[in-house]
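Data first, discussion second: the structure below is written as structure tokens.
The values are calculated or read from the model by the stated rules, or taken from the named source; none is laboratory data. This one's a predicted model, so the numbers in the text were calculated from it and none came from an experiment. Note that each Cβ is placed from the backbone with ideal geometry, even for glycine, and that neighbours are counted across all protein chains shown. For the accessible areas, the whole protein counts, side chains as well, though only heavy atoms, and no ligand, DNA or RNA atoms are used. Shrake-Rupley method; radii C 1.70, N 1.55, O 1.52, S 1.80 Å.
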Amino acid sequence: MKNIFLKSLLSCLILLGSTSCQDELTDLYQDPDGFSKSQADEAGVSIIAGYFTSQLTRGFLLRGDYGSHYHQLRSGSRVMGTGVQLYYNVKEYGIPYALTDVENDWGSNGFNRSVFNALNSQWVKQILWGQKEFNRIPEGERTTLDVLYMRLLHVLKAYAYQRGIDGYDEVPYFQTGSAGALDGDKAEFLGQEEIYPIIIEELGEIEDYLSTVELDASQQASFQAQDVIFDGNLLQWRKYINSLRLRWAMTVSERLPELTTSTINELNGKPLFDQAMDVAGLADIAIVEPNRLQVELGITRSFRERSDECRAPKRFLEDVMHCIPTEKSVVIDGQTLYYFDGDNSEEGLANGTVDPRVAYLFSKDIMGRYVGAETSWDNGSDPNSYFSKAMRGYYINHPIMTDINVTEITFGKEGFEHTIRLSDEAAASLSGREAFLFNAFRTYCAQYQDINWTIGTDRNMISEYNVRPQYNFDIRYPTLHAVETELSLAEAAVRGFGNAGSARDHYKKAIELSCAYWYSQNVDNQYSKQTTPSFPSNMDQSRIDRDRPSEQYNASAYAEFEAQRFDGLGPEEKVRSIFNQLQLHYNMFNFEVPWTSARRLVKYLGDNPGSPYEIFKWKERFLYNPNIQATDPEVWSRISQHDNPDLPIWFTGRDTKWKNVLE
């Protein structure tokens, strides 16, 4: 991936004949006449090629960016429970058990509006300029590459609109082939009901076109230089387009099941994303200067700054991946108390009954356990709650419980020890020690005194996300991956949408692909604390080394084990399992896709398949940029009635909001 940056830069220099690539490109996008068709002809490239490559590198379209990803982690996780922010589900941090409005929780609403703002600015601007230039070229003078680049820009335009309508429903839309406002047209606000059938059909036509395209050696070399996503591979573009159509067909399944079925039938036999490295996305390192990635612009900065939500979800570890804590009990003062003494990971990873991704995606706590945390509220009144059992494992077998002379407990790795001391009252006898230590350990962990708000230390008292695959500057941000494609086909098969094949086979393959993908992202991560960019200096080297799996576990054996469990489920539970696999696979990288699936599946399942925090209101849609009210009152009068996070979006098939326990 590192070569992409150099290749893109070289292409840009050739295209513009300038040593100031970004400045020249900026001028070009604002003033397309600044680079004329005659100049393009003299240089041997098309101006359309420049717009194509520029569109591929747009921020937050096919790659992540720091700001957007930060808020996806911070607030998106509060909506979906992908990573546990422990202070929102235990009382010890001091946050009350009261309903909280997530709307004012997105960085002054910046992320709330970012998809809408991006759609109507950087995501569409290059496409419209490219369309304007394309329309100026007489039809007989358009080259094969001109047409190819423009068709692929239409694919990216459709994907951009999908992102917009999934969040807001109605957005300002320009028909394909129109240069829009550049030609004096006013965008028409359309919603999912109108746009989804259009883009599903359009991309089908583009895929048919791509299946017939033939490039000579010179054209292929030029295309390969410009295509920083798929390296000039037309088959990958076809697979991407077909996989997008499948995603969209499933998104509208509650409203337009006939379209879902017909689209899936059309896709039968066509190439789809089906390999572990089939991913539509661009890595940070491909376009951002290495010395700026970690501290300024990269998605890894968001991981570093959002360490408080890197606690591993119990829902993933135990409920989805079958990594079960070893539970033991002790009787104290006539009361049976339970604690977690370890887990089944060693045996389960060896015999295929525990998901290999446990070792690829998550890191053990300092007791050597894969034990996570829940998103449901724990007020400390249940001595045998999940969190209580995790904390009790630290002290219940220590001499502090049986020796009156022991008044403090030290635990953890050498050099990273934690120490908790008894109060004078608790030190005076043995009878009150369990109660004191119970509260002390819960508080210590809940207030993040174990990791001091830093991911990657060797001090974590609860299992965390593994630092290696996520903290990876080479990872291509997975806006769409083969695992999603297989899971979409699995759901379609379960629910009877078209000729989707075997649900079991697709479900099993999705797990195998995900295991292979996350293993490679972990072990192929070549960065260290000495490279540029580097792991942060406050990440412990032992944790970096330890988080690299010692071996690649048998994904096929585990996938078959899980497929057998899948066989025994009813349709609704199968669909819930499919959703769990989708959210687990995208984990901290892609909030929007699981959020869309969760909203859609509420109707079919009768409940929310995600894991929202109890104290946060469920969010059905994003809010519009309020500037529209001043700039276009007529449009605002139409869309303002939809500017309500409690209003289910069209594709959900619902008129009533899903509510959590406090709503």
Given (i) 37, 31, 28; (ii) 41, 32, 28; (iii) 47, 26, 24, which label gives semi-axes √(5λ) of the Cα gyration tensor in Å as computed from the coordinates? (iii)
Cα→Cβ-extended label distance, 7 Å offset, between Lys603 and Thr143, nm: 4.8 nm
One finds the C-alpha centres of region 175-218 and region 418-496 to be spaced, in Å, by 44 Å
How much length, in nm to one decimal, is gained on full extension between Gln530 and Glu258, taken as 0.36 nm per residue of separation minus their Cα-Cα distance? 92.4 nm
Loop-only check: which chymotrypsin sites (Phe, Trp or Tyr not before Pro) in region 449-483 are DSSP coil with at most 16 other Cβ within 10 angstrom? Trp453
Say R0 is 41 Å: what FRET efficiency, to the nearest 0.05, do Asn379 and Glu414 get from their beta-carbon distance? 0.70
For region 210-272, give the percent of accessible area contributed by carbon and sulfur heavy atoms, probe 1.4 Å, rounded to a whole number. 46 percent
Ignoring ligands, DNA and RNA, please state the percent of accessible area on region 78-177 from carbon and sulfur, probe 1.4 Å. 47 percent
Counting helices only, and only those DSSP H runs with n ≥ 4, report the 222 nm mean residue ellipticity of the chain as the sum of -39,500 (n - 2.57) divided by its residues, in deg cm²/dmol to the nearest 500. -14000 deg cm²/dmol
Which percent, to the nearest 5, of DSSP beta bridges fully inside the chain are antiparallel? 90 percent
Which of the DSSP-defined H helices in the chain satisfy a minimum axial length of 24 Å, computed from C-alpha atoms, and a minimum mean Kyte-Doolittle hydropathy of 0.0? 144-168
Multiply the residue separation of Gln552 and Ala221 by 0.36 nm, subtract the distance between their alpha-carbon atoms, and state the gained length in nm to one decimal. 115.5 nm
Of Pro609, Ser542, Phe566, which is farthest along the charge dipole of region 541-623 in the positive direction, counting Lys and Arg as +1 and Asp and Glu as -1 at C-beta? Pro609
Between the alpha-carbon centers of region 120-173 and region 345-377, tell me the distance in whole angstrom. 45 Å
With respect to the cross-link table entries Lys328/Lys603; Lys328/Lys413; Lys186/Lys239; Lys314/Lys659, which display a Cα-Cα separation exceeding 28 Å? Lys328/Lys603; Lys186/Lys239
Identify the GluC sites (Glu not before Pro) of region 372-479 meeting these criteria: DSSP loop state and at most 14 other C-beta atoms within 10 Å of the C-beta. Glu414, Glu417
Over the chain, what is the relative contact order in whole percent, taking alpha-carbon pairs under 8 Å and six or more residues apart? 20 percent
Taking the alpha-carbon centroid of each part, what is the distance from region 523-541 to region 54-117 in angstrom? 26 Å
If R0 = 41 Å, then Ala350 and Asn265, at their Cβ-Cβ distance, give a FRET efficiency to the nearest 0.05 of 0.45
For Ile332, residues with placed amide H under 5 Å, excluding near neighbours: Leu337
Enumerate by residue number the GluC sites (Glu not before Pro) in region 193-252 meeting two conditions: DSSP loop (anything except H, G, I, E, B), and at most 10 other Cβ atoms within 10 Å of the site's Cβ. Glu214
Approximate spin-label separation Ala630-Gln275, in nm, with each point projected 7 Å along Cα-to-Cβ: 5.1 nm
Contour excess over end-to-end distance, with Cα ends at Asp319 and Glu305 and 0.36 nm allotted per residue: 2.3 nm
Tell me the per residue accessible area of the chain using a 1.4 Å probe; a whole number in Å² is fine. 36 Å²
For Cα pairs less than 8 Å apart in space and 6+ apart in sequence, what is the mean separation divided by the residue count of region 471-582, i.e. the relative contact order in percent? 33 percent
